Each structure stands twice: as C-alpha cells, then as structure tokens.
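Encoded as structure tokens, the structure appears first; notes follow it.
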Amino acid sequence: MKKIIASALCSILVNSLLFAQIDEQLKLDIRNTGYVHSPLPLDYSKSFETIGLTKKVLVSDMLCDMESLDKWSHKGFGNMYLASDRSMSGKNSLRLTAQTTNPDFLNWGIGLGTSMATYDVGAANWEKYNRIHFYIYPNCEGARSIYLNLYIENDGKVKVPDKYGREGIHEINLINGQWNECFVEMSELARDKVTKLSFAIEIFGKERTMGDSLKFDIDAVSLQNIANPEAVNGWMPVQNRLIYSTTGYGVESVKSVIVNVQHNDGKFELIDATSNHVVYKGSITRQKTDIGNFETIDFSDFKKEGQYIIRIGDVTTKPFYVNKNIWDNSAWRVLNFIFCERCGYAIPGKHGVCHTDLNAIYNGRTFPFNGGWHDAADMSQQVLQSGEIVYSLLEMANRAKEKNEKELFLRLQEEAEWGIDCILRSRLGDGYRAQTWGTNLWTDGFIGTKDDSSARRHVHVHNRAFENFVFAGIEAYASMMIENDPMLKENLRKVAIEDYAFARKRFDSLGFNDLSRIGGGGDHAAMASNSQYSANISFAASLLYKLTGDSIYADEAAKSIQYALQCQRIEPLNDKDKLHGFFYRELNKKSIVHYTHQSRDQVYMQALTALCETQPNHPDYQKWTASIKMYGDYLKTIMQYDAPYGLVPSGVYNVDEVKDSVNFYKVQVGIHSGAANDYKEQLENGFKLDTEHYLRVFPVWFSFKGNNAVALSTGKAAALCGKFLHDKELMNIAEQQLFWIVGKNPFGQSLIWGEGNNYPQLYTALPGETVGGIPVGMESRFNEDKPYWPQFNTATYKEVWGAPAARWLSLIAEF
C-alpha cells in the first residue's frame with residue numbers, strides 16, 4: 001500500500017511557490033530576451049543528440065576519411081573538392097560548396113536547386129551497424145540558421161527512399177563556424193544493400209546578413225555499432241527506461257509512468273530533487289492491454305508541489321515538476337516559437353524583414369503581402385493558420401489573466417495583435433482575401449523576379465465562404481478579448497460582422513460546393529467536411545452573438561449545427577462496446593471524419609458548448625447536451641485501445657470509405673496509386689470492431705503524416721466536454737495528449753524543442769532550431785498502426801508547423 005512519507009508544506013511555503021512552474025533559468029531567459037522580443041537561448045544540454053553522444057561505441061569502422069575523392073561524385077550547382085586547411089581525421093576534408101542564390105532556376109518547386117556530393121557505397125550490407133557518425137564544419141558567411149541534408153539509398157528487400165520520399169533523408173541542423181559532431185541512428189532503416197550515401201546543400205536564397213556562398217567541410221564518416229540504440233517503432237520502450245511526462249504533472253493530474261526496468265523489485269520511489277529525500281513510495285502494477293503487457297506506476301495521490309525524480313532500482317528519471325501551473329513553462333516556449341515564425345519582421349539572431357516582394361493581384365492591382373506567421377519550416381504562409389494562431393494566443397492570454405499572470409497575458413496579447421494586423425490586411429474587399437503562398441527560400445526583395453512570381457509563390461486571392469466564416473469568428477473573439485486598443489476592438493467588431501455577411505451571402509448561393517480546392521496542395525482548408533463546415537458556421541455565429549447580442553446570430557448558430565448533429569452516429573456499431581457518438585463527413589454517412597496532419601476536430605464541441613453557453617433556454621438545449629455527452633462517452637470508450645498510453649486514437653473507419661473518392665482524396669495529400677490496397681492493409685493493422693468498421697490509433701495516411709495537431713485537437717474537444725459535463729475522466733484524456741507530446745510516448749522524447757528533456761532535432765529548415773518548436777508529429781511506419789519515430793529528420797512528420805503550436809496553446813488554456 002502506498003503511503004506519503006513527507007508532510008505537506010505549510011500554507012506560507014505553498015504560496016511562495018506560485019511561480020515555481022517556471023524554472024529559474026527560464027525566468028532569467030524570459031527577462032533577458034525582453035519577455036521574448038528576441039529568441040530564447042538554445043539549451044543543447046538536454047537534447048537527444050547531446051545525450052546520444054554519451055552512448056558507448058562497441059564498433060567503429062571508418063567508411064571514408066576524406067583523404068581521397070575516389071568513389072565520390074558531384075551533381076547540381078556548386079562544387080566539391082578536398083580541402084587541406086581543415087580536418088578532423090587526417091590531412092583533408094571534403095568541401096561541398098554552393099552559391100546562396102540562383103537567378104536562373106527553373107520556375108517550379110519550392111527551392112532553388114541543390115549541390116550534392118555522393119559516395120558510391122557499392123551495394124554493401126550495413127546491418128551490423130546501427131549508427132552513422134561524422135563531422136561537419138559549416139563556413140557560411142552571415143548565415144544564422146543553417147542545415148545540411150544526408151541521404152541514404154538502399155536497393156535491397158525494402159527500397160530507400162520509399163515511394164513517398166521519406167525514408168533515409170535526414171536534415172542536420174548545424175552551428176556555423178565550428179566542427180559539429182553528428183550522428184544518426186539507423187537501427188530500423190533498411191540497409192541490407194546500401195548503394196549511396198550523399199550530402200546535399202539546398203540553395204534557399206540570401207537572408208539579409210548572408211554572403212554569396214555556402215561551404216561545408218565533411219570529415220571522418222564512420223559506421224558504428226553502439227550500445228542501447230533507441231527504439232523507434234512500436235509500443236514497447238527500450239530496456240531500463242521510464243516513460244513519463246518530462247515536463248511534469250499538475251497537482252491534480254493523473255500521474256502515471258510506464259516502466260521497462262529489468263530485475264526490479266516491484267517498488268518505486270519518488271525523490272525530492274532538491275533535498276534528495278524519498279518523499280513517496282509505491283508499487284509497480286502489471287497490466288495486459290490490447291497493445292502488449294506493461295508495467296506501470298501511479299502516484300496521483302501525491303500532490304505536493306516541487307521538483308522530483310522517480311527511482312526504480314538503478315534507473316532514474318531526470319527531474320520533473322509537480323505544480324498546479326505545470327503548462328506555463330511551455331506557454332512561454334511555444335510563444336517563443338510563434339514569435340520566431342513572424343513573417344515580414346526582423347527576428348534578432350534569426351533573420352531580417354523577409355518576403356517583402358511576395359504579392360497578390362486584385363482588381364488589376366499588385367498588392368505586396370507578408371505578415372502573420374510562416375506556417376512551417378518552409379516559410380510558407382496560410383493566413384487561415386495565422387488566424388487560428390491568433391485565436392489560440394488569445395485563449396491562452398485569457399487563461400493567464402484568470403491566473404493573474406500579467407507578464408504572460410500582456411505578451412500573448414501583443415503577439416496576437418501582430419497576427420490580427422495580418423488578418424485585417426488580407427481583406428481586399430467584397431469577401432476576397434489574400435490567402436496562401438508557398439516557398440522554401442529567402443526572396444530577393446524585388447517584385448516580379450522568379451523567386452516571387454511563380455505559380456506556387458504567388459499569393460492566392462479568393463473569396464470562399466469557409467474562410468470568411470472562420471475569420472469572422474476569430475475577429476469577433478479578438479474584439480471581445482483585446483483590452484489595450486479600443487479602436488482596434490471597434491474595427492474588429494465591424495469586420496467580423498462584414499465577413500460573416502460575405503460568407504453567408506456566398507454560402508447561401510453555393511452551399512458546400514464553395515469548398516473546392518484552391519492553390520494546389522497547400523490548400524488544407526479544402527479538406528474540411530460538410531459537417532465540420534456547418535459546425536464552423538455555428539461556432540462563428542455564436543461568437544458574433546456573444547459580441548453583438550443580435551438574435552439573428554443566435555438563430556443562425558442553432559440552425560447551422562443541425563447538419564452536424566444529423567451527421568453524428570447515434571446507432572451503436574456491432575462491436576463489443578456498441579460504439580457511437582462520432583461524426584460523419586456528410587449526411588450520406590459514407591465517410592467518417594478523420595484528419596491526417598492538420599486537424600480541426602475540436603470545432604464540433606466548440607460549436608455545441610458555445611450554443612449551450614449562449615442559449616441555455618433554447619428548445620434544442622437538451623439535444624445539444626446529449627450530443628456532447630455522446631461524444632464524450634465515445635472518447636472515453638476508445639481510450640482502451642492503446643492503454644497504458646494516453647494517446648487518443650484516431651477513431652473509427654468504415655471499410656468502404658476509400659470508395660467515397662471525393663471525400664477520401666480531400667483528406668489525403670500526396671497520395672499515390674494503390675490506395676485501396678493500402679487502405680485495406682492499414683485498417684487490418686488496426687482493431688476490428690465489426691464486419692464494417694475498424695478502429696485505428698494512428699490515422700489512415702500516406703504521404704503527409706504526423707499526429708500532434710490531430711491528438712491536440714481531439715484533446716481540446718475532450719477538455720470542452722469535460723468542463724461542460726464536469727467530468728474528470730474527460731479532462732484527464734485531454735491532459736494525456738499533452739503528456740504524450742512531452743515524453744510519455746514509447747520513445748521517451750519530448751516533441752517540443754527545449755521543453756522537458758530528451759528533445760530531438762526537428763526539421764526546421766530556414767528558421768533554424770528554435771525553443772518551443774513543435775513538429776507535425778508522430779507517424780506510423782508504412783501501413784502499420786504503431787508509433788514510429790526514427791531519428792531521421794525530414795518533412796512532414798518532423799517539420800515544425802504553426803498548426804500544432806496553435807493547438808498546444810489552445811489545449812493548455814483549459815488547465
């Protein structure tokens with residue numbers, strides 16, 4: 001039986017720890033950056049790569065010492081040669097060069113070309129090795145954020161790269177002007193017949209301080225076998241690893257840990273990290289679940305704030321917090337990432353004012369357009385995502401205000417106003433807006449040159465009801481939340497009313513047919529289902545009703561939600577739990593609502609809880625509450641499928657969804673032929689519910705993979721349900737999505753750079769490594785339904801995006 005060893009602190013000491021959610025170094029960093037008006041400094045000491053370099057090397061065989069160019073070849077721009085002025089292993093290193101700009105590039109793609117050096121491996125078997133190790137010295141004049149790409153090709157039983165160009169590609173983030181010791185573990189990479197090893201510079205234009213050339217010295221490439229390689233696939237952690245939230249736990253959180261410690265005595269200890277005293281003891285529990293046999297511990301009844309370590313035998317965790325404001329550390333860090341993603345703004349140490357030459361054409365006039373935040377590492381822009389970031393910043397600001405955290409409140413409001421300016425400038429008249437552009441480069445600043453005038457980079461302008469409904473809701477919410485600018489509040493109220501009217505007029509004419517794809521693969525809004533669309537309309541109308549008090553918006557909110565309610569599954573499936581409560585995309589109920597990388601799964605519960613809040617006396621109130629409860633019960637039921645992890649599953653799939661081709665291909669990006677066969681295999685790797693339905697933990701997906709935003713959006717929905725229903729189990733489901741991302745996943749890694757411990761390099765491309773960066777998220781391998789998280793660092797799953805950052809802030813605002 002568990003027992004608490006240390007007594008609770010007296011009330012005066014508890015009160016003195018109110019600011020303990022922020023560690024002392026972070027407090028200092030926040031102040032030194034002017035409350036994040038310059039980037040937070042990078043702490044590499046807790047990174048995955050720093051930890052990895054401490055592993056014992058059992059075998060190390062030199063692949064190439066760079067004393068000769070035999071077996072090396074070059075293609076693309078730039079050059080390669082042996083350089084004798086710098087070496088790590090002998091007399092020479094391989095120098096790979098490229099120019100920073102390429103005015104003659106072909107008008108396609110998102111980059112300007114590459115300079116690639118390739119080593120002919122000769123179809124060698126590398127299976128006895130599990131790591132590649134090498135050194136890189138970048139000498140790139142004026143470059144503040146730089147990277148080099150590594151490629152491995154395999155021609156054996158499993159081809160590398162795969163058909164989606166993901167496997168065997170690794171972006172290496174580097175520090176300029178010094179030797180960088182680098183490695184990549186490859187225990188799960190197919191390497192039975194390795195043909196090529198390549199290093200490549202991507203040409204991405206000149207940022208303000210950059211010179212004309214990029215130079216990288218590469219040396220001492222060796223193949224190694226190391227002790228204790230990381231697990232990268234499946235549910236079972238590596239031996240002697242404790243899987244926990246590396247950030248820590250709230251005072252009232254469910255505090256559980258997954259254990260894989262050999263020869264343990266069935267006991268664990270919780271140790272005060274300051275005094276080194278044991279403050280709590282408990283027993284290890286064994287449980288058999290649908291995904292395996294696990295050992296777990298639970299110390300939920302320990303509620304004393306502080307910093308702690310868990311010990312089982314000789315295995316310990318790093319220190320973590322127990323604190324009632326546990327997520328406020330991450331709020332500052334994710335705010336830092338969002339700040340560093342500003343477009344058209346000089347970020348100290350990152351870049352100057354950027355993308356001033358990207359432009360739209362409206363009514364025959366050229367309109368320069370930047371601002372808001374880049375939506376990802378590739379520096380593209382989707383104004384809708386900037387709008388959603390605004391909403392999440394204001395949600396978190398409101399929460400900071402409730403907790404009397406004035407500095408955080410003011411800084412979040414300020415950052416939101418940067419995005420609000422972009423939203424307002426995107427309005428071109430009569431419902432038309434500047435919406436999207438895609439690029440992976442620093443542009444030259446001259447309007448009309450190739451780097452800003454291609455079809456991809458051109459700013460797309462369109463009038464689509466969906467975006468205007470969403471923006472109207474965001475503008476209405478912002479008008480209610482902004483405190484320090486009465487004229488801005490007044491203007492936001494005005495444009496919210498106007499944009500809703502533009503959207504309503506167009507929707508009344510075209511209905512859901514308005515949501516056709518615009519601007520190529522970057523048009524993620526076009527993935528929206530009709531039921532999601534109707535929920536978005538309802539939510540926007542409820543926000544306008546709160547803002548204006550005009551009953552016409554109340555009526556429209558209640559009317560619009562009816563479509564979504566008709567899309568909810570009421571009848572139980574024929575599975576053991578009689579699952580129901582999820583939503584279909586359309587009234588025909590052929591396809592169930594799913595998301596693959598971006599997600600707006602929360603909008604159903606946003607719309608329904610807003611209706612209940614604003615119209616408690618409406619005749620349909622009981623119908624709305626029943627829908628909320630039904631969905632909450634659905635979430636609680638499906639959590640069993642990946643216990644003891646708390647990741648909320650992707651959900652239920654019908655075997656015939658692939659036949660609903662319009663909806664199926666709306667959801668997927670970059671899909672190849674053979675989708676029906678792959679779809680069937682992916683379902684069969686999930687959990688069979690009945691003859692027509694399967695449940696998948698990870699989404700059915702093909703090219704664009706990553707479930708951070710997917711899980712966080714559903715977590716937000718769970719929190720909204722939980723608060724409305726006063727249901728602690730749903731609130732735990734919501735918080736478990738946060739725990740998963742900061743380390744309570746099979747790999748024990750925090751997926752937010754700088755948050756907690758053991759955070760890996762992420763695909764950051766042009767902005768560079770940034771505190772608070774969140775990638776698209778965990779993927780599954782090929783058609784499997786298990787977590788897959790190799791060190792190989794590439795898009796999309798490891799690419800930092802604004803969408804999961806917005807969803808993170810939105811969810812932590814509930815705690």
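Scan the stretch 594-609 for residues that are crowded, with 24+ Cβ neighbours inside 10 Å and of a type in the set (Val, Ile, Thr) and report the count.
Summing the residues that are crowded, with 24+ Cβ neighbours inside 10 Å and of a type in the set (Val, Ile, Thr) in the stretch 594-609 gives 2.
Is the stretch 730-744 home to any residue that is within 20 Å of residue 291 (Cβ to Cβ) and part of a loop (DSSP other than H, G, I, E, B)?
Going residue by residue through the stretch 730-744, those that are within 20 Å of residue 291 (Cβ to Cβ) are 732-733, 736-737, 739-741, 743-744.
Checking which are part of a loop (DSSP other than H, G, I, E, B) leaves us with 743-744.
Yes, the stretch 730-744 contains at least one residue that is within 20 Å of residue 291 (Cβ to Cβ) and part of a loop (DSSP other than H, G, I, E, B).
Residues are listed down the side, and each one gets a yes or a no for (1) of a type in the set (Ser, Thr, Tyr); (2) part of a helix (DSSP H, G or I); (3) in contact with a Lys or Arg (Cβ under 8 Å, 6 or more places away or on another chain):
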{"residue": "653", "(1), (2), (3)": "yes, no, yes"}
{"residue": "662", "(1), (2), (3)": "no, yes, no"}
{"residue": "682", "(1), (2), (3)": "no, yes, yes"}
{"residue": "702", "(1), (2), (3)": "no, no, no"}
{"residue": "710", "(1), (2), (3)": "no, yes, no"}
{"residue": "722", "(1), (2), (3)": "no, yes, yes"}
{"residue": "751", "(1), (2), (3)": "no, no, no"}
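Being on the phi < 0 side of the Ramachandran plot and either in contact (Cβ under 8 Å) with a residue 24 or more places away in the chain or surrounded by 16 or more Cβ atoms within 10 Å (Cβ to Cβ) (or both) is the filter here; which residues of the stretch 69-81 pass it? Break it down into steps so the answer makes sense when it comes.
Start the filter on the stretch 69-81 by keeping residues that are on the phi < 0 side of the Ramachandran plot, which leaves 69-70, 72-75, 77, 79-81.
Selection gives 69, 72, 73, 74, 75, 77, 79, 80.
Is at least one residue of the stretch 678-693 of a type in the set (Val, Ile, Thr) and buried (at least 24 other Cβ atoms within 10 Å of the Cβ)?
As a first pass, look at the stretch 678-693 and keep what is of a type in the set (Val, Ile, Thr): 691.
If we keep only those that are buried (at least 24 other Cβ atoms within 10 Å of the Cβ) too, we end up with none.
Taking every residue of the stretch 678-693 in turn, none turns out to be of a type in the set (Val, Ile, Thr) and buried (at least 24 other Cβ atoms within 10 Å of the Cβ).
Out of 754, 748, report the one residue that is of a type in the set (Gly, Ala, Ser), over 26 Å from residue 678 (Cα atoms) and out of contact with any Gly (no Cβ under 9 Å at 6 or more places or on another chain).
Details: 754 fails: out of contact with any Gly (no Cβ under 9 Å at 6 or more places or on another chain).
Just a single option satisfies the conditions, and that option is 748.
Using beta carbons and a limit of 6 Å, which pairs, at least six apart or on different chains, have the first residue in the stretch 161-189 and in contact (Cβ under 8 Å) with a residue 40 or more places away in the chain and closer than 19 Å to residue 747 by Cα and the second one among the charged types (D, E, K, R) and not in a strand (DSSP E or B)?
Pairs that qualify, where the first residue is in contact (Cβ under 8 Å) with a residue 40 or more places away in the chain and closer than 19 Å to residue 747 by Cα and the partner is among the charged types (D, E, K, R) and not in a strand (DSSP E or B), are 185/230.
I'd like to know if the stretch 433-446 contains one or more residues that are open to solvent by less than 20 Å² (accessible area, probe 1.4 Å) and part of a helix (DSSP H, G or I).
No: the stretch 433-446 contains no residue that is open to solvent by less than 20 Å² (accessible area, probe 1.4 Å) and part of a helix (DSSP H, G or I).
Being under 19 Å from residue 736 (Cα atoms), touching a strand residue (DSSP E or B) at 6+ places or on another chain (Cβ under 8 Å) and among the basic types (Lys, Arg) is the filter here; which residues of the stretch 284-328 pass it?
Listed by number, the list holds a single entry, 303.
Table: residues versus (1) touching a Ser or Thr at 6+ places or on another chain (Cβ under 7 Å); (2) touching a residue at least 40 places away in the same chain (Cβ under 8 Å).
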position	(1), (2)
538	yes, yes
546	yes, yes
549	no, no
554	yes, yes
561	yes, yes
573	no, yes
580	no, yes
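Restricting to the stretch 189-230, what's the tally of residues that are among the small types (Gly, Ala, Ser), within 15 Å of residue 97 (Cβ to Cβ), open to solvent by 10 Å² or more (accessible area, probe 1.4 Å) and touching a Leu at 6+ places or on another chain (Cβ under 8 Å)?
Counting residues in the stretch 189-230 that are among the small types (Gly, Ala, Ser), within 15 Å of residue 97 (Cβ to Cβ), open to solvent by 10 Å² or more (accessible area, probe 1.4 Å) and touching a Leu at 6+ places or on another chain (Cβ under 8 Å) gives 0.
Does residue 112 satisfy the criteria of being in contact with a helix residue (DSSP H, G or I) (Cβ under 8 Å, 6 or more places away or on another chain) and in contact (Cβ under 8 Å) with a residue 24 or more places away in the chain? Let's see the steps before the verdict.
Values: in contact with a helix residue (DSSP H, G or I) (Cβ under 8 Å, 6 or more places away or on another chain): yes; in contact (Cβ under 8 Å) with a residue 24 or more places away in the chain: yes.
Against the criterion (in contact with a helix residue (DSSP H, G or I) (Cβ under 8 Å, 6 or more places away or on another chain) and in contact (Cβ under 8 Å) with a residue 24 or more places away in the chain), residue 112 qualifies.
Would you mind finding the one in 782, 724, 792, 739 that is aromatic (Phe, Trp, Tyr) and touching a His at 6+ places or on another chain (Cβ under 6 Å)?
Details: 782 fails: touching a His at 6+ places or on another chain (Cβ under 6 Å); 724 fails: touching a His at 6+ places or on another chain (Cβ under 6 Å); 739 fails: touching a His at 6+ places or on another chain (Cβ under 6 Å).
Just a single option satisfies the conditions, and that option is 792.
Is the stretch 668-675 home to any residue that is closer than 22 Å to residue 289 by Cα and open to solvent by 40 Å² or more (accessible area, probe 1.4 Å)? So that I can check it myself, show each step before the final result.
As a first pass, look at the stretch 668-675 and keep what is closer than 22 Å to residue 289 by Cα: none.
No, because not a single residue in the stretch 668-675 is closer than 22 Å to residue 289 by Cα and open to solvent by 40 Å² or more (accessible area, probe 1.4 Å).
Can you find, within the stretch 253-282, the residue that is least open to solvent (accessible area, probe 1.4 Å) among those that are over 20 Å from residue 735 (Cβ atoms), touching a residue at least 24 places away in the same chain (Cβ under 8 Å) and part of a loop (DSSP other than H, G, I, E, B)?
Checked the stretch 253-282; the qualifying residue least open to solvent (accessible area, probe 1.4 Å) is 261.
Condition first: part of a loop (DSSP other than H, G, I, E, B), open to solvent by 80 Å² or more (accessible area, probe 1.4 Å), of a type outside the set (Lys, Arg) and modelled with pLDDT of 95 or more. Can you find one or more residues in the stretch 11-32 that meet it?
no
Got at least one residue in the stretch 454-467 being assigned to a helix (DSSP H, G or I) and of a type in the set (A, V, I, L, M)? First the steps, then the outcome.
Initial filter on the stretch 454-467 (assigned to a helix (DSSP H, G or I)): 465-467.
Still in the list and also of a type in the set (A, V, I, L, M): 465.
Within the stretch 454-467, one or more residues are assigned to a helix (DSSP H, G or I) and of a type in the set (A, V, I, L, M).
Could you please give the count of residues in the stretch 416-432 that are at negative phi and surrounded by fewer than 21 Cβ atoms within 10 Å (Cβ to Cβ)? If you could, list the steps in order and put the result at the bottom.
Keep residues of the stretch 416-432 that are at negative phi, which gives 416-428, 432.
Now drop any that are not surrounded by fewer than 21 Cβ atoms within 10 Å (Cβ to Cβ), which leaves 417, 421, 424-425, 427-428, 432.
Looking only at that region, the number is 7.
Can you name the condition, by its number, that residue 184 falls short on among (1) open to solvent by 10 Å² or more (accessible area, probe 1.4 Å); (2) at pLDDT 95 or above?
(1)
Strands (runs of 3 or more DSSP E) wholly in the stretch 283-389 with at least 3 residues that are touching a residue at least 60 places away in the same chain (Cβ under 8 Å) and open to solvent by 10 Å² or more (accessible area, probe 1.4 Å) - which ones? Walk me through how you get there before you give the answer.
Details: elements: 285-289, 292-298, 306-312, 320-322, 359-362, 365-368.
Per the criteria, 359-362, 365-368.
Checking the condition among the hydroxyl-bearing types (Ser, Thr, Tyr) and out of contact with any Ser or Thr (no Cβ under 8 Å at 6 or more places or on another chain), which residue from 47, 60, 73, 93 passes?
Values: 60 fails: out of contact with any Ser or Thr (no Cβ under 8 Å at 6 or more places or on another chain); 73 fails: out of contact with any Ser or Thr (no Cβ under 8 Å at 6 or more places or on another chain); 93 fails: out of contact with any Ser or Thr (no Cβ under 8 Å at 6 or more places or on another chain).
After ruling out the rest, the residue left standing is 47.
Pairs, please: C-beta under 8 Å, at least 6 apart or cross-chain, first residue at positive phi and in the stretch 42-66, second of a type in the set (S, T, N, Q) and open to solvent by less than 60 Å² (accessible area, probe 1.4 Å)?
Partner pairs satisfying both residue conditions: 66/87; 66/89; 66/92; 66/93.
Restricting to the stretch 447-467, name every residue that is open to solvent by 20 Å² or more (accessible area, probe 1.4 Å), at pLDDT below 90 and either among the hydroxyl-bearing types (Ser, Thr, Tyr) or touching a Gly at 6+ places or on another chain (Cβ under 7 Å) (or both).
449, 453, 456, 460
Quick check: anything in the stretch 403-411 part of a helix (DSSP H, G or I), open to solvent by less than 10 Å² (accessible area, probe 1.4 Å) and of a type outside the set (Phe, Trp, Tyr)?
Yes, the stretch 403-411 contains at least one residue that is part of a helix (DSSP H, G or I), open to solvent by less than 10 Å² (accessible area, probe 1.4 Å) and of a type outside the set (Phe, Trp, Tyr).
Mind checking which residues of the stretch 753-798 are outside any loop (DSSP other than H, G, I, E, B), within 25 Å of residue 442 (Cβ to Cβ) and open to solvent by 10 Å² or more (accessible area, probe 1.4 Å)?
As a first pass, look at the stretch 753-798 and keep what is outside any loop (DSSP other than H, G, I, E, B): 759, 763, 775, 779-780, 787-788.
Narrowing further to those that are within 25 Å of residue 442 (Cβ to Cβ): 763, 775.
Correct list: 763 only.
Return the residues of the stretch 610-621 that are under 30 Å from residue 693 (Cβ atoms) and open to solvent by less than 20 Å² (accessible area, probe 1.4 Å); say none if nothing qualifies.
611, 612, listed by residue number.
Determine if the stretch 624-641 includes at least one residue that is assigned to a loop (DSSP other than H, G, I, E, B) and surrounded by fewer than 19 Cβ atoms within 10 Å (Cβ to Cβ). Break it down into steps so the answer makes sense when it comes.
Kept after step one, since they are assigned to a loop (DSSP other than H, G, I, E, B), are these residues of the stretch 624-641: none.
Scanning the stretch 624-641, I find no residue that is assigned to a loop (DSSP other than H, G, I, E, B) and surrounded by fewer than 19 Cβ atoms within 10 Å (Cβ to Cβ), so the answer is no.
The values are calculated or read from the model by the stated rules, or taken from the named source; none is laboratory data. Quick caveat, the model's predicted, so the values are computed rather than measured. A quick note on method: Cβ atoms are made from the backbone with ideal geometry, for glycine too, and the neighbour counts reach across all protein chains shown. Surface accessibility is based on the protein's heavy atoms, side chains included, excluding ligands, DNA and RNA. Shrake-Rupley method; radii C 1.70, N 1.55, O 1.52, S 1.80 Å.
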